[in-house]
Amino acid sequence: MSTFQRRNRLREQAADSSKNDFVSPRARHENRPQNRLAAGAIPIAAALTLVGLATAGLFVINSFVPLNLIPLFYMLPVVVAATRWGIAPGLVAALAGAAAADFFFYPPLYSFWLDNRQDVIDLLLYLLVAIVASNLAARLKTAADTSNRREREITELHAFSQGLATCLTSRDLIFAVQDYLSNTLKYRAVLIASAPDDYGLDAGHTGVPEAVRQEAVKLMTASASRASTIIAPVTTKAWLVRTIVPEILGYGAIAIELGRGSSDAIAIIAHHVEAVLDEAMVTLKHLKVKEAIEQATINYQTEILRDALIGGVSHELRTPLASILGSCSVLDQTAAIRGDRGSHSLVAAISDQAAQLDRQIRDVLDAARISANGVRPRLVWTDPTDIIDSAVKQKARRLASHQVVIELRPDLPLVNVDSVLVEQALGQLLENAAKYSPAGTVIRIDSRCEEGYVELSVTDQGSGLTTDEKKQLGRRCYRGERNLAVSGSGLGLWIASTFIAANGGSLHAESRGPGLGATVSLQLPTGSENTPELADAFND
Amino acid sequence: MTKVLVIDDEAQIRRFLRAGFELHGYAVQEAETGMAGLRAATIDKPDLIILDLNLPDLDGAIVLERIRSWSNVPIIILSIQANEHEKVRLLKLGADDYVVKPFGISELLARGEAALRRHLRSTDREPVVRAGPLSIDLVSRVVSLDGRRVQLTRKEYTLLHALGSHAGLVMTHQQLIREIWGGRGGNIQYLRILVRKLRQKVEIDPTHPLLIVSESGVGYRLDRGSTASSNGQNELRADDLGRQRLIGDFQTI
């Protein structure tokens, strides 16, 4: 539904509600029981006063010019009372007028008795005309009132819409709605946010009955309905609770105190408030789109920068490293270096350090790419044997001073993963195992097959993990305090767990405690590889 | 003397490639740009081309395509990005193999030699391929391991034949699937399982394959027993990791 249509609906509703004796919020507020009596009595007293004035006027005029059309004169207070105060004072004025005419002006004077039949007919005719006239006048008054109110409401809504247009954030908007409901319509509106910082509001508003709050929570968690009206138990006041478009704003609800009144009247008010909220939600959606576009522009610019940086870094830093590593590999094969132990170990050291630098640059680049674009794995059925084999080969130099034991089941099912990412993750686990366990100790790689997944685990005999370290593990840039002397960026395991998660798997760490070694395992999803046609594929 | 043409715009990379190749008895020519490379490839008729993908004037892939349009000369690609998609594309365009920077000279030499040998075999019709203890007679279709004959099913043999005729070079998953199953039926799952079955017959430890090695995200390679791994960082200490492993159940064939 377009904004325009919604606005129209709003107007119709305003008109509608007046037909149904819509009690304007202001009037409604005045309708407290003790006030109501006084409010009804004043117009009637005024109507009677008018009749009194008319009688006095008639006496004066009658003393100069005897009048025949006395009932006609009494029409004046009826019409005035009915137009000003409605049908009841009009009728009162009509009856009082008839009584006064009878008492003061029809013979016998100063008695309610009537001698003349003509007079009886006169008075009855007067009463009839007066009743009709007061009815007409009262309707005129209602119509005028309605159009006034409609005009006022439209003006208010217009102001509200303009207010909405100036909102720059969804928070502004929520406050504008609250403001409109509270100040213009005189309802008390309270925002109930699922989390206090959703709108920067404190969730613990005072004066919101617990039942209302619970209803709000119920609506926020259930997706079925978005609004409901409930009567608060103690105060017996009706509250409208309405969720605020969860898909755009996160979870929140607005609760509006409607007061007491007949259920019909409350339904109408609820309808009205609902329309206002709908209006606001439409604006909110526009606003969200605007915000999203702005955010996208910023993201796009950031991305261009980041891509330039990633491209630049990978070329400018990794190309020299590639020639250092390549040159080392050539030097290492020359007779002069081969024959000299010292030179040989120096070349090896250069190569090691350059390789480590390259690995760290790659980690930073990977982290930047993950942050920029997330991970988009290309899932392909892969043999876990190949994953382990490649990871171990990649890390052969890091693992050279450890004893690597691989226990692989020959019948592991295939896994549906991006093998490059999983290899890199497993390589990271091997690297960590080598880094945090003393040279010469055993690093074990085990495999286990469970329903729906294959688990690959790396166990070392190193410094292990404390409970706290286990919790922090896998956080970006986390480095255990005990191991700050070991070089590293703290990115490796974060990248590994991100890669594994992107492949639909998970990463777990276990340790019996500090100094007792650690086991880090990857769980990778398998599928049903025993498809019926699989057997046919190998028929010769 | 075997002539190798190095097309790379990075002077430092060219310098170490020259040193490395000359150390192993190659004659080296250098080209700094794609156009210069194309000219040298036409005029000097090198036996082997090392082609970098990032060239200032032409995309490396275009240089590759142009050379392939008239020559079968072995071409090894140097690529800095470890993008498997790109590797498969280049192999499809006719590259014989690739190495990813950073790499060690022995890795590149192994790839180059494998490509040269394959090129020669296509002209010389040398029928027997050897890789470690494995020998494959491509003509009589006899496979033996340490002199003992190995019985293979037809599909297993087709797979080994395809790998053997490209010994030392990578073959993409798609190439292998097409070789084995033709246009119909095959998929990567079948290939994985077939490779596993073949490994059980020809590898000493099928869970630690030394002969049929996987190139992640790209394909398989029949390793000719060189210790050069796919990563240049590893090759200084030519310490075969296999020695560190517990040698598993030996499969008697």
Residues being in contact with an Asp or Glu (Cβ under 7 Å, 6 or more places away or on another chain) and part of a strand (DSSP E or B): count how many of those fall in the stretch B:107-140.
2
Scan the stretch B:166-189 and tell me whether some residue there is in contact with a helix residue (DSSP H, G or I) (Cβ under 8 Å, 6 or more places away or on another chain), at the interface with chain A (Cβ under 10 Å from one of its Cβ atoms) and of a type in the set (Asp, Glu).
no
Inspect all residues belonging to the stretch B:237-244 and state whether any of them is modelled with pLDDT of 75 or more and either over 20 Å from the mean Cα position of the chain (by Cα) or assigned to a loop (DSSP other than H, G, I, E, B) (or both).
no
From the residues in the stretch B:9-38 that are of a type in the set (Val, Ile, Thr) and surrounded by 17 or more Cβ atoms within 10 Å (Cβ to Cβ), which one is farthest from the other protein chains (Cβ to nearest Cβ)?
B:28
Members of the stretch A:133-155 found to be under 39 Å from the mean Cα position of the chain (by Cα) and surrounded by 15 or more Cβ atoms within 10 Å (Cβ to Cβ), listed by number:
A:146, A:149, A:150, A:153
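Rundown of residues vs (1) buried (at least 20 other Cβ atoms within 10 Å of the Cβ); (2) touching a Ser or Thr at 6+ places or on another chain (Cβ under 6 Å), yes/no style:
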{"site": "A:406", "(1), (2)": "yes, no"}
{"site": "A:428", "(1), (2)": "yes, no"}
{"site": "A:433", "(1), (2)": "yes, no"}
{"site": "A:439", "(1), (2)": "no, yes"}
{"site": "A:443", "(1), (2)": "yes, no"}
{"site": "A:448", "(1), (2)": "no, no"}
{"site": "A:456", "(1), (2)": "yes, yes"}
{"site": "A:459", "(1), (2)": "yes, yes"}
Among the residues of the stretch B:133-165, count how many are away from chain A (no Cβ under 14 Å), among the charged types (D, E, K, R) and out of contact with any strand residue (DSSP E or B) (no Cβ under 6 Å at 6 or more places or on another chain).
3
Within the stretch B:82-103, restricting attention to residues that are assigned to a loop (DSSP other than H, G, I, E, B) and out of contact with any strand residue (DSSP E or B) (no Cβ under 8 Å at 6 or more places or on another chain), which residue is nearest to residue A:420 (Cα to Cα)?
B:83
Identify, from the list B:63, B:73, the residue that is away from every other protein chain (no Cβ under 12 Å) and closer than 20 Å to residue B:118 by Cβ.
B:73
I need a count of the residues in the stretch A:411-448 that are among the β-branched types (Val, Ile, Thr) and touching a Phe, Trp or Tyr at 6+ places or on another chain (Cβ under 8 Å).
2
Name the single residue that is nearest to residue A:408 (Cα to Cα) among those in the stretch B:203-212 being within 11 Å of another protein chain (Cβ to nearest Cβ) and in contact (Cβ under 8 Å) with a residue 12 or more places away in the chain.
B:207
Given the residues B:105, B:80, which is the only one that is out of contact with any Gly (no Cβ under 8 Å at 6 or more places or on another chain), β-branched (Val, Ile, Thr) and at the interface with chain A (Cβ under 9 Å from one of its Cβ atoms)?
B:80
Counting only residues that are under 16 Å from residue B:108 (Cα atoms), assigned to a loop (DSSP other than H, G, I, E, B) and touching a Gly at 6+ places or on another chain (Cβ under 9 Å), the stretch B:10-60 contains a total of 2
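Results for (1) farther than 29 Å from residue A:352 by Cα; (2) more than 16 Å from the chain's Cα centre (by Cα), shown as yes or no for each residue.
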position: B:77; (1), (2): no, no
position: B:84; (1), (2): no, no
position: B:90; (1), (2): yes, no
position: B:97; (1), (2): no, no
position: B:101; (1), (2): no, no
position: B:110; (1), (2): no, no
position: B:117; (1), (2): yes, no
position: B:129; (1), (2): yes, no
position: B:138; (1), (2): yes, yes
Could you tell me whether the stretch B:46-65 includes any residue that is without any contact (Cβ under 8 Å) to a residue 12 or more places away in the chain and not aromatic (Phe, Trp, Tyr)?
no
Residues in the stretch A:280-298: is at least one within 14 Å of chain B (Cβ to nearest Cβ) and in a helix (DSSP H, G or I)?
no
Output the qualifying pairs, or none if there are none: Cβ atoms under 6 angstrom, residues six or more apart or on different chains, first residue in the stretch A:516-527 and in the same structural domain as residue A:405 (by TED's automatic domain parsing), second residue surrounded by fewer than 24 Cβ atoms within 10 Å (Cβ to Cβ) and acidic (Asp, Glu).
A:519/A:510; A:521/A:455; A:523/A:455
Test: residue in the stretch A:324-334 that is assigned to a helix (DSSP H, G or I), more than 11 Å from chain B (Cβ to nearest Cβ) and touching a helix residue (DSSP H, G or I) at 6+ places or on another chain (Cβ under 9 Å)
no
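The values are calculated or read from the model by the stated rules, or taken from the named source; none is laboratory data. For clarity, every value in this text was computed on a predicted model and none was experimentally measured. Note that we place each Cβ from the backbone using ideal geometry, even for glycine, and neighbour counts take in every protein chain shown.
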